[in-house]
Amino acid sequence: MCGIIGYIGDKDAVPVIIDGLRHMEYRGYDSTGIAVVDEGQQLWVQKKEGKLGHLEEKLNGYPDAGIGIGHTRWATHGAPSDDNAHPHTDCQGNIAIVHNGIIENYAPLRRRLEQEGHIFRSETDTEVFAHLVEHYYNGSLEGAVRRALQDVKGSYAVAAVATAEPDKIVAVRNHSPLMVGMGEDQYYLTSDVPAILNRTRNVYFLEDGEMAVLTRDGVVFSNGEGQQIEKSLYHVTWDPMAAEKGGLPHFMIKEILEQPQALRETLRGRIKDNRVDFSEVDLDSFVDGVEKVFITACGTAYHAGMVGKYLIEKFAHIPVEIDIASEFRYREILWGENSILVVISQSGETADTLAAIREAKRQGIKILAITNVVGSSVAREADKVLYTWAGPEIAVASTKAYSTQLLLMYLLAIYLAQHNKSLPAGEIDALVGDLSRIADLVETTLKNAVGVQGVAEKYHDAGCIFFIGRGLDYAVALEGSLKLKEISYIHAEAYAAGEMKHGTLALVEEGVPIVALATQDELEEKMLSNIREVKARGAVIIGIGKDGMVELEHEADELITIPACDSRLAPILTVIPLQLLAYYTAVQRGCDVDKPRNLAKSVTVE
């Protein structure tokens, strides 16, 4: 997944496509590629791992062509490499495909096509689509694409060209953005507005299931049933820099708002017949007989691991130890022969986490990695990998990567419970059903969090802010505290609420803001008691709870709510207002939100 660009018109296609790819570099990518159909009706393809400049070095003597497609890739299936870069072609090199998204059933499709004699050159899911189009091609590129889609499950934005129809681009979308730009006798295709803003501001946005066929004579749109449709032209008014952020002022807020889609992508294909399905990585034998789980990570990923510890013990009844990765290998770890190590890293390059992996390997321990980057060091060195399909995350402060890590911890805990039969079938049914709707609840949480900005405006000058919670709320409080301090530079600390009376109450004085998380039903009364303790000493209470919590509403000076839900699933929702509180506070203080001082996105040193 990442960026798509297409062009058809009377200009040289190669420079136009390269320019479009350059305007999508901000998204992050690991390889680039281009395919054009030249005037001799030959397909010319160049692709290269690494930065766009590496591809440009291969473009000397490019052919005359007025049609082509290009791609920047963020790996999902197959490590970054020249072969895995897009575009992908069919066996004969007559059809080229670029694709964003995930084809969930690519493995059985690939096996079927290989049995029919198709030769694959990459490890990607996308190449399956090129061979399907080849298989079904019978004189109509759009017909072949439409027929291929009947075999495909998953999310996609796809663009295809073919030498047999040298004046046509066929494009279709499902759960991945795609739009058509209209110029004067020139037509553009892109997954991202900034790629074409310097050429046109008039675009059509494709909806799920819709197809666009671009020719030199214009663009024809059709719906999922193949019926021609009319669409409204949209005039983009964003300036180019703002457009990179979707018209928003910072990447961080863009990525906060992208969380519902990131969660859907991470969930896609992993729930089948109301059960968690990790057949993609064959985890059954890996977890057979596991008697203890160790979890290690750094920073935000560590907080996701804390939630994971609670869930695995609660659902699977397996004891769990969790350590900060920088401390993990310096203590005497009492490994058991039936232990596994779970490591969590957004970048997959975190030095301390890699050191923990290598120490575990020396002890003969099996390693399961949770990461967002295919082909990263963590992914390569682990025995099994579960990917968070959050997509590139530009802001240093992690948001959508964290929520997808949380989601995978839930899926893993439920999977272990299924495997060990440690929960009744009915309870698993309920948990999986609720989890399958979690992205919708996150969307609702985002819509209902309109009051967070006002809270930030009120308290952005605070010298210190405390976060308190119990149980799962404590783990989320730690993440909320980290977000606030790293981008607003306010001193923020999180405490288990029951520990306040053991020393921390000495720091509470008149007017100190305390963010109090109270989403855990079985701990509500105890949490309310802790809130009253700090309120009696002059603290201002910013309460975060579920809709309908009357007592919290009575005690809180400011109240932020999430939708009513199973308390065990609340962390995925509760973190949303905390991310927004940190963001708006940092904005009020004039901080560099996306690039906070002294911090880096990927910590590759110990």
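For GLU321 and GLU499, FRET efficiency with R0 = 30 Å and r from the beta-carbon atoms, rounded to 0.05?
Working: r = 20 Å, r/R0 = 0.68.
My answer for the efficiency is 0.90.
Where the accessible area of the chain is counted over protein heavy atoms with a 1.4 Å probe, how much of it, in %, is carbon and sulfur? Don't skip to the end; give the middle numbers.
Details: 10500 of 22840 Å².
Solvent-exposed carbon and sulfur of the chain make up 46 percent of the total.
Give me, ordered by chain and number, the residues 5 or more places off ASP125 or on other chains with an amide H under 5 Å from its own placed amide H.
Answer set, sorted by chain and number: HIS77.
Checking the table LYS11/LYS48; LYS11/LYS153; LYS272/LYS314; LYS11/LYS245; LYS254/LYS483; LYS309/LYS447 against a 27 Å threshold on Cα-Cα, which pairs fail?
Long pairs (Cα-Cα over 27 Å): LYS11/LYS153; LYS11/LYS245; LYS309/LYS447.
Would you please classify the overall shape of the range 447-597 from the alpha carbon gyration tensor, given that a ≥ b ≥ c denote the square roots of the eigenvalues, rounded means a/c under 1.5, and beyond that prolate means a/b larger than b/c while oblate covers the rest?
On the way: a/c = 1.60, a/b = 1.21, b/c = 1.32.
Oblate, since a/c reaches 1.5 and b/c is not below a/b.
Averaged per residue, what accessible area in Å² does the chain show with a 1.4 Å probe, protein chains only?
Details: 22840 Å² over 606 residues.
Result: 38 Å² per residue.
Can you give the extra length, in nm with one decimal, that the chain gains between ASP208 and ASP383 once fully stretched, where that is 0.36 nm per residue apart less the Cα-Cα distance?
59.4 nm
What's the local net charge at LYS153, with K and R +1, D and E -1, over the other residues with C-beta under 10 Å away? The partial results should precede the final answer.
Details: positive: ARG268; negative: GLU104, ASP151.
In short, -1.
Using DSSP to define loop residues, name the GluC sites (Glu not before Pro) in the range 132-203 whose beta-carbon has at most 12 other beta-carbon atoms within 10 Å. List each step's numbers first, then the result.
Details: sites: GLU134, GLU142, GLU184; in loops: GLU184.
Filter output for the range 132-203: GLU184.
Specify whether the C-alpha gyration tensor of the range 365-425 places it in the rounded, prolate or oblate class, a ≥ b ≥ c being the square roots of the eigenvalues: rounded for a/c under 1.5, otherwise prolate if a/b is larger than b/c and oblate if not.
On the way: a/c = 3.44, a/b = 1.51, b/c = 2.28.
Oblate shape, in that a/c is at least 1.5 and b/c is the bigger or equal ratio.
Roughly how tilted is helix 524-535, in degrees to the nearest 10 and between 0 and 90, from the longest Cα axis of the chain?
Long axis of 524-535 versus the principal axis of the chain: about 70 degrees.
Tell me which aspartates and glutamates have Cα within less than 14 Å of LYS458's Cα, excluding those fewer than 8 residues away on the same chain?
ASP557, GLU558
Could you work out how much longer the chain between TYR330 and LYS458 gets when fully extended? Use 0.36 nm per residue separation minus the Cα distance between them, nm to one decimal.
Numbers: separation 128, 0.36 × 128 = 46.08 nm, distance 4.35 nm.
This chain segment gains 41.7 nm when fully extended.
Charges at C-beta only: +1 for Lys and Arg, -1 for Asp and Glu. How large is the resulting dipole of the chain about its Cα centre, in Debye rounded to 20?
On the way: 58 positive and 87 negative charges, 121 e Å.
Magnitude of the dipole: close to 580 debye.
Using volume of the Cα convex hull per residue in Å³ as the read-out, say which of [x] 201; [y] 160; [z] 211 was calculated from these coordinates.
Calculated volume of the Cα convex hull per residue in Å³: the matching label is [y].
How much net charge surrounds ASP323 when only other residues with a Cβ under 14 Å from its Cβ are counted (Lys, Arg +1; Asp, Glu -1)? Before the final figure, lay out each step's value.
Details: positive: LYS292, LYS309, ARG329, ARG331; negative: GLU321, GLU327, GLU332, ASP352, GLU359.
Summing Lys/Arg as +1 and Asp/Glu as -1 gives -1.
Over every pair of different alpha-carbon atoms in the range 231-382, take the mean of 1/r and invert it; report that Kirkwood radius in Å.
Values: mean 1/r = 0.0563 Å⁻¹.
For the range 231-382, inverting the mean 1/r across all distinct Cα pairs yields 17.8 Å.
Okay, helix-only estimate at 222 nm for the chain: each DSSP H run of n ≥ 4 adds -39500 (n - 2.57), divide by all residues, round to 500 deg cm²/dmol; what do you get? Mind dumping the intermediate values first?
Numbers: 21 runs with 210 residues, N = 606.
The per-residue figure over the chain is -10000 deg cm²/dmol.
Using a 1.4 angstrom probe with every protein chain in place, what is the largest-first accessible-area order of GLU493, GLU555? Intermediate values should be presented prior to the final figure.
On the way: GLU493 55, GLU555 20 Å².
I get GLU493, GLU555, largest accessible area first.
Determine, from the Cβ-Cβ distance of ASP547 and ARG362 and an R0 of 60 Å, the FRET efficiency 1/(1 + (r/R0)^6), rounded to the nearest 0.05. Intermediate values should be presented prior to the final figure.
Numbers: r = 50 Å, r/R0 = 0.83.
So, using R0 = 60 Å, E works out to roughly 0.75.
Where the only charges are on Cβ atoms (+1 Lys, Arg; -1 Asp, Glu), what is the dipole of the range 394-527 about its Cα centre, to the nearest 20 debye? Write down the numbers at each step before the final one.
On the way: 10 positive and 18 negative charges, 67 e Å.
The dipole magnitude comes to about 320 debye.
What percent antiparallel are the DSSP beta bridges of the chain, to the nearest 5?
On the way: 62 of 104 bridges.
That works out to approximately 60 percent antiparallel.
Under 5 Å between amide H atoms, partner at least 5 residues away or on a different chain: which partners does LYS546 have, H built in plane at 1.01 Å?
ILE562
Suppose each label sits 7 Å from its Cα in the direction of the beta carbon; what would the LYS314-THR215 distance come out to in nanometres?
For LYS314 paired with THR215, the spin-label model returns 5.8 nm.
As a test question: what accessible area, to the nearest 10 Å², does PHE251 have when a 1.4 Å probe is rolled over all protein chains in place?
20 Å²
Could you please report the charge total around VAL534, scoring K, R as +1 and D, E as -1 over all other residues with beta-carbon less than 11 angstrom from its beta-carbon? Intermediate values should be presented prior to the final figure.
Working: positive: LYS501, ARG532, LYS535, ARG537; negative: GLU509, GLU533, GLU555.
Around VAL534, the charge tally is +1.
Could you tell me how many degrees, from 0 to 90 and to the nearest 10, lie between the Cα long axis of helix 13-22 and the main elongation axis, the longest principal axis, of the Cα atoms of the chain?
10 degrees
How much length is gained on full extension from LEU599 to GLU510, taking 0.36 nm per residue of separation minus their Cα-Cα distance? Walk me through the intermediate numbers first.
Details: separation 89, 0.36 × 89 = 32.04 nm, distance 3.23 nm.
Extra length from LEU599 to GLU510 when fully extended: 28.8 nm.
So what are the ³J(HN,Hα) numbers for the range 170-179, from phi and the Karplus equation (6.51, -1.76, 1.60; θ = phi - 60°), rounded to whole Hz, Gly and Pro as x?
10, 9, 8, 10, 7, 6, 9, x, 7, 8
The values are calculated or read from the model by the stated rules, or taken from the named source; none is laboratory data. Small disclaimer: the values here were computed from a predicted structure and weren't measured. Cβ: placed from backbone, ideal geometry, glycine included. Neighbour counts: every protein chain shown. SASA here: full protein model, heavy atoms, side chains in, ligands and nucleic acids out. Shrake-Rupley method; radii C 1.70, N 1.55, O 1.52, S 1.80 Å.
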